[in-house]
Amino acid sequence: MTDEREPLHRTPAEVAEDEEFFRWYGPWAPLDPDGLVDFMAGFDRPWWIVGGWSIEAFTGIAREHEDVDLSLLACDLSAFREHVGDRWHLWSNHGGTLRPFNDRHPEVLDVRSQVWVRRSAADPWVIDLPVTPDNDGLWTSKRDPEHVAPVSDVTWIDGNGVRYLRPEITLLYKAVLHRPKDDRDLAVTWPLLGPAEQEWLREAVGRLYPGHGWLELMA
(Lines give C-alpha, C1' and ligand atoms only; values in the text may rest on other atoms or scores of the structure.)
Protein backbone atom coordinates (compact mmCIF):
# COMPACT_ATOMS: atom_id res chain seq x y z
CA MET A 1 0.00 0.00 0.00
CA THR A 2 1.30 3.46 -0.82
CA ASP A 3 2.51 5.65 2.06
CA GLU A 4 1.08 8.97 0.89
CA ARG A 5 -2.65 9.51 0.78
CA GLU A 6 -4.22 11.01 -2.30
CA PRO A 7 -6.17 14.14 -1.30
CA LEU A 8 -9.93 13.83 -1.38
CA HIS A 9 -11.22 16.07 -4.17
CA ARG A 10 -14.52 17.71 -3.29
CA THR A 11 -16.64 20.11 -5.27
CA PRO A 12 -17.51 23.54 -3.79
CA ALA A 13 -21.05 22.27 -3.32
CA GLU A 14 -19.79 19.29 -1.31
CA VAL A 15 -17.61 21.55 0.86
CA ALA A 16 -20.57 23.84 1.56
CA GLU A 17 -22.76 20.84 2.34
CA ASP A 18 -20.20 19.53 4.82
CA GLU A 19 -19.89 22.90 6.54
CA GLU A 20 -23.67 23.07 6.92
CA PHE A 21 -23.70 19.50 8.23
CA PHE A 22 -21.10 20.24 10.91
CA ARG A 23 -23.00 23.36 11.96
CA TRP A 24 -26.11 21.30 12.69
CA TYR A 25 -24.78 17.91 13.79
CA GLY A 26 -21.30 18.57 15.12
CA PRO A 27 -17.79 17.50 14.08
CA TRP A 28 -16.39 14.12 13.13
CA ALA A 29 -13.12 12.53 14.26
CA PRO A 30 -13.52 9.15 12.59
CA LEU A 31 -11.67 6.02 13.55
CA ASP A 32 -9.52 4.28 10.97
CA PRO A 33 -9.82 0.51 10.34
CA ASP A 34 -7.31 -0.30 13.09
CA GLY A 35 -9.32 1.78 15.55
CA LEU A 36 -12.49 0.07 14.39
CA VAL A 37 -10.93 -3.34 15.01
CA ASP A 38 -10.18 -2.28 18.59
CA PHE A 39 -13.70 -0.90 18.99
CA MET A 40 -15.30 -4.15 17.79
CA ALA A 41 -12.99 -6.51 19.71
CA GLY A 42 -15.11 -9.20 21.37
CA PHE A 43 -18.18 -8.68 19.16
CA ASP A 44 -19.16 -12.19 18.10
CA ARG A 45 -21.41 -11.37 15.13
CA PRO A 46 -20.22 -10.64 11.59
CA TRP A 47 -19.26 -7.06 10.83
CA TRP A 48 -17.44 -5.53 7.90
CA ILE A 49 -16.12 -2.25 6.49
CA VAL A 50 -17.81 -0.63 3.50
CA GLY A 51 -17.25 2.56 1.50
CA GLY A 52 -13.91 4.07 0.56
CA TRP A 53 -11.85 2.11 3.06
CA SER A 54 -13.05 -1.15 1.48
CA ILE A 55 -11.83 0.12 -1.90
CA GLU A 56 -8.45 1.06 -0.43
CA ALA A 57 -8.09 -2.36 1.21
CA PHE A 58 -8.74 -4.09 -2.12
CA THR A 59 -6.62 -1.86 -4.37
CA GLY A 60 -3.80 -0.98 -1.98
CA ILE A 61 -4.05 2.60 -3.26
CA ALA A 62 -4.43 5.04 -0.36
CA ARG A 63 -6.57 8.15 -0.38
CA GLU A 64 -7.96 10.58 2.18
CA HIS A 65 -11.20 9.50 3.89
CA GLU A 66 -13.93 11.55 5.53
CA ASP A 67 -15.11 8.74 7.81
CA VAL A 68 -15.07 4.99 8.36
CA ASP A 69 -18.20 3.02 7.50
CA LEU A 70 -18.93 -0.02 9.62
CA SER A 71 -21.82 -2.29 8.70
CA LEU A 72 -23.59 -5.27 10.22
CA LEU A 73 -26.92 -7.01 9.80
CA ALA A 74 -30.04 -5.37 11.21
CA CYS A 75 -30.76 -8.52 13.21
CA ASP A 76 -27.46 -7.98 15.08
CA LEU A 77 -28.14 -4.38 16.17
CA SER A 78 -29.25 -5.41 19.66
CA ALA A 79 -26.03 -7.37 20.10
CA PHE A 80 -24.08 -4.32 18.93
CA ARG A 81 -25.86 -2.12 21.48
CA GLU A 82 -24.97 -4.63 24.21
CA HIS A 83 -21.37 -4.70 23.00
CA VAL A 84 -21.09 -0.90 23.23
CA GLY A 85 -22.82 -0.71 26.60
CA ASP A 86 -22.68 2.70 28.28
CA ARG A 87 -19.17 3.52 26.99
CA TRP A 88 -20.53 5.28 23.90
CA HIS A 89 -23.72 6.99 22.79
CA LEU A 90 -25.56 5.49 19.82
CA TRP A 91 -27.94 7.53 17.69
CA SER A 92 -30.28 6.31 14.98
CA ASN A 93 -30.13 8.61 11.95
CA HIS A 94 -32.82 8.40 9.29
CA GLY A 95 -32.84 11.15 6.68
CA GLY A 96 -31.25 13.63 9.11
CA THR A 97 -33.61 12.81 11.98
CA LEU A 98 -31.69 11.69 15.05
CA ARG A 99 -32.99 9.65 17.99
CA PRO A 100 -31.07 7.87 20.74
CA PHE A 101 -30.61 4.15 20.19
CA ASN A 102 -30.73 2.99 23.80
CA ASP A 103 -32.88 1.24 26.39
CA ARG A 104 -35.63 3.83 26.00
CA HIS A 105 -35.55 3.55 22.20
CA PRO A 106 -34.32 -0.02 21.55
CA GLU A 107 -35.22 0.04 17.83
CA VAL A 108 -33.63 2.13 15.09
CA LEU A 109 -35.79 4.51 13.09
CA ASP A 110 -35.29 2.44 9.92
CA VAL A 111 -33.21 -0.66 9.26
CA ARG A 112 -32.07 0.85 5.95
CA SER A 113 -30.56 3.91 7.64
CA GLN A 114 -27.57 4.58 9.88
CA VAL A 115 -26.35 4.50 13.45
CA TRP A 116 -23.89 7.18 14.52
CA VAL A 117 -21.49 6.68 17.42
CA ARG A 118 -19.84 9.19 19.74
CA ARG A 119 -18.59 9.25 23.31
CA SER A 120 -20.94 12.00 24.52
CA ALA A 121 -22.68 15.18 23.39
CA ALA A 122 -19.42 17.06 23.93
CA ASP A 123 -17.38 14.69 21.73
CA PRO A 124 -17.14 14.21 17.96
CA TRP A 125 -18.76 11.37 16.05
CA VAL A 126 -16.35 8.48 15.42
CA ILE A 127 -18.29 5.82 13.49
CA ASP A 128 -20.94 5.89 10.79
CA LEU A 129 -22.76 2.56 10.74
CA PRO A 130 -24.95 2.10 7.65
CA VAL A 131 -27.21 -0.77 8.70
CA THR A 132 -27.58 -3.69 6.29
CA PRO A 133 -31.13 -5.11 6.09
CA ASP A 134 -31.32 -8.87 6.44
CA ASN A 135 -33.66 -11.59 5.27
CA ASP A 136 -33.64 -14.32 7.93
CA GLY A 137 -30.00 -13.54 8.67
CA LEU A 138 -28.94 -13.18 5.04
CA TRP A 139 -27.31 -10.03 3.70
CA THR A 140 -29.75 -8.00 1.59
CA SER A 141 -28.73 -5.22 -0.80
CA LYS A 142 -30.22 -1.78 -0.24
CA ARG A 143 -29.77 -1.04 -3.92
CA ASP A 144 -31.17 -4.30 -5.26
CA PRO A 145 -33.44 -6.02 -2.70
CA GLU A 146 -33.51 -9.18 -4.81
CA HIS A 147 -29.78 -9.61 -4.15
CA VAL A 148 -29.82 -11.76 -1.01
CA ALA A 149 -26.79 -13.80 0.03
CA PRO A 150 -24.79 -15.10 3.00
CA VAL A 151 -22.44 -12.48 4.40
CA SER A 152 -19.48 -14.66 3.40
CA ASP A 153 -20.47 -14.42 -0.28
CA VAL A 154 -20.51 -10.61 -0.42
CA THR A 155 -17.47 -9.87 1.73
CA TRP A 156 -13.79 -10.81 1.83
CA ILE A 157 -11.21 -10.95 4.64
CA ASP A 158 -7.77 -9.36 4.42
CA GLY A 159 -4.53 -10.74 5.80
CA ASN A 160 -5.19 -9.14 9.19
CA GLY A 161 -8.59 -10.81 9.55
CA VAL A 162 -10.62 -7.67 8.80
CA ARG A 163 -13.76 -8.23 6.73
CA TYR A 164 -14.67 -5.84 3.88
CA LEU A 165 -17.55 -5.57 1.43
CA ARG A 166 -16.57 -6.90 -1.99
CA PRO A 167 -15.33 -4.05 -4.21
CA GLU A 168 -17.84 -4.50 -7.02
CA ILE A 169 -20.70 -4.27 -4.51
CA THR A 170 -19.15 -1.19 -2.90
CA LEU A 171 -18.98 0.41 -6.34
CA LEU A 172 -22.66 -0.35 -7.00
CA TYR A 173 -23.51 1.53 -3.80
CA LYS A 174 -21.28 4.39 -4.94
CA ALA A 175 -22.81 4.55 -8.43
CA VAL A 176 -26.00 6.22 -7.25
CA LEU A 177 -23.97 9.03 -5.59
CA HIS A 178 -21.54 9.51 -8.50
CA ARG A 179 -19.34 12.01 -6.62
CA PRO A 180 -15.74 12.78 -7.68
CA LYS A 181 -14.41 10.35 -5.07
CA ASP A 182 -16.74 7.64 -6.37
CA ASP A 183 -15.55 8.17 -9.93
CA ARG A 184 -11.96 7.96 -8.67
CA ASP A 185 -12.70 4.73 -6.79
CA LEU A 186 -14.17 3.19 -9.94
CA ALA A 187 -11.10 4.23 -11.95
CA VAL A 188 -8.61 2.58 -9.59
CA THR A 189 -10.70 -0.53 -8.92
CA TRP A 190 -12.11 -1.46 -12.33
CA PRO A 191 -8.83 -2.73 -13.84
CA LEU A 192 -8.26 -4.97 -10.80
CA LEU A 193 -11.64 -6.72 -10.91
CA GLY A 194 -11.93 -10.12 -12.52
CA PRO A 195 -14.08 -10.59 -15.65
CA ALA A 196 -17.00 -12.03 -13.67
CA GLU A 197 -16.97 -9.13 -11.21
CA GLN A 198 -16.74 -6.58 -14.02
CA GLU A 199 -19.69 -8.18 -15.80
CA TRP A 200 -21.72 -8.28 -12.59
CA LEU A 201 -21.12 -4.57 -11.93
CA ARG A 202 -21.79 -3.58 -15.54
CA GLU A 203 -25.09 -5.48 -15.57
CA ALA A 204 -26.21 -4.19 -12.18
CA VAL A 205 -25.47 -0.53 -12.97
CA GLY A 206 -27.15 -0.81 -16.38
CA ARG A 207 -30.24 -2.44 -14.90
CA LEU A 208 -30.63 -0.17 -11.88
CA TYR A 209 -29.36 3.09 -13.41
CA PRO A 210 -29.95 3.11 -17.20
CA GLY A 211 -27.84 5.72 -18.95
CA HIS A 212 -25.39 6.04 -16.05
CA GLY A 213 -22.11 7.73 -16.95
CA TRP A 214 -20.11 4.75 -15.73
CA LEU A 215 -21.52 2.42 -18.38
CA GLU A 216 -19.35 3.87 -21.12
CA LEU A 217 -16.28 3.57 -18.91
CA MET A 218 -17.11 -0.08 -18.18
CA ALA A 219 -17.91 -1.01 -21.81
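The values are calculated or read from the model by the stated rules, or taken from the named source; none is laboratory data. Everything numeric here is computed off the predicted structure, so don't read it as measured data. For neighbour counting, all protein chains shown are included, and Cβ atoms are generated from backbone atoms with ideal geometry for every residue, glycine included. All accessible areas refer to the heavy atoms of the entire protein, side chains included, with ligands and DNA or RNA removed. Shrake-Rupley method; radii C 1.70, N 1.55, O 1.52, S 1.80 Å.
Here the dipole of the range 72-219 is about 500 debye; that uses its Cα centre as origin and unit charges on the Cβ of Lys and Arg (positive) and Asp and Glu (negative).
For Val108, nonlocal amide neighbours, meaning residues 5 or more places apart or on other chains whose placed amide H falls under 5 Å from its own, do not occur. Give me the percent of the accessible area of the chain that comes from carbon and sulfur atoms, probe 1.4 Å, all protein chains in place. For the chain, the apolar C and S fraction of the accessible surface comes to 51 percent. The antiparallel fraction among DSSP beta bridges confined to the chain stands at about 85%.
Applied to the range 204-217, the Karplus parametrisation 6.51 cos²θ - 1.76 cosθ + 1.60 on θ = phi - 60° returns per-residue 3J(HN,Hα) values of 5, 5, x, 6, 7, 9, x, x, 4, x, 6, 4, 5, 5 Hz, with x for Gly and Pro.
Counting only helical runs of four or more DSSP H residues, what would the 222 nm mean residue ellipticity of the chain come to if each run contributes -39,500 (n - 2.57) and the total is spread over all its residues? Estimated from H runs of four or more residues: -10000 deg cm²/dmol. Put simply, the amide H of His147, placed in the peptide plane, has neighbours under 5 Å in Ser141, leaving out anything fewer than 5 places away on its chain. Annotation: amide H of Leu8 within the under-5 Å range of Glu64, sequence separation 5 or more or interchain, hydrogens built in the peptide plane. Rolling a 1.4 Å probe over the heavy atoms of the protein chains gives the range 82-219 an accessible area of 51 Å² per residue. When the P(r) of the range 1-102 is calculated, the portion above 18 Å amounts to 60% of the C-alpha pairs. Ordering of 79-89, 4-14, 162-172 by packing is 162-172, 79-89, 4-14, highest average first (other Cβ atoms within 10 Å, averaged per residue).
The coefficient of translational diffusion for the range 73-162, derived via Stokes-Einstein from the alpha carbon Kirkwood radius under 4 °C and 1.567 mPa s, stands at 91 µm²/s. Diffusion coefficient of the range 145-194 by Stokes-Einstein, Kirkwood radius over Cα pairs, 4 °C, 1.567 mPa s: 107 µm²/s. Computed log10 I(q)/I(0) for the chain at 0.13, 0.14, 0.15, 0.18 Å⁻¹: -0.79, -0.93, -1.08, -1.55, from the Debye equation with unit scatterers placed on every C-alpha and solvent omitted.
Please list, in order along the range 13-27, the HN-Hα scalar couplings obtained from phi with the Karplus expression 6.51 cos²θ - 1.76 cosθ + 1.60 (θ = phi - 60°), rounded to whole Hz, x for Gly and Pro. For the range 13-27, the Karplus curve yields 5, 5, 4, 5, 5, 5, 4, 5, 4, 4, 5, 8, 10, x, x Hz.
Can you tell me the FRET efficiency between Asp32 and Asp136 if r is taken as the Cβ-Cβ distance and R0 is 45 Å, rounded to the nearest 0.05? Step by step, r from the Cβ atoms, then E = 0.85. With distances taken between every two different alpha-carbon atoms, the range 96-219 has a Kirkwood hydrodynamic radius of 16.7 Å. Note that the range 70-75 has calculated 3J(HN,Hα) couplings of 9, 9, 7, 6, 4, 5 Hz, one per residue in order, obtained from phi through the Karplus relation 6.51 cos²θ - 1.76 cosθ + 1.60 (θ = phi - 60°); glycine and proline are x. Considering only Pro100, Pro195, Pro27, the Gaussian network model of the chain with Cα springs below 10 Å gives its largest mean-square fluctuation to Pro195. Looking at the square roots a ≥ b ≥ c of the eigenvalues of the Cα gyration tensor of the range 40-92, which shape do they give, rounded for a/c under 1.5, prolate if a/b is larger than b/c, or oblate? It comes out prolate by the Cα gyration axes.
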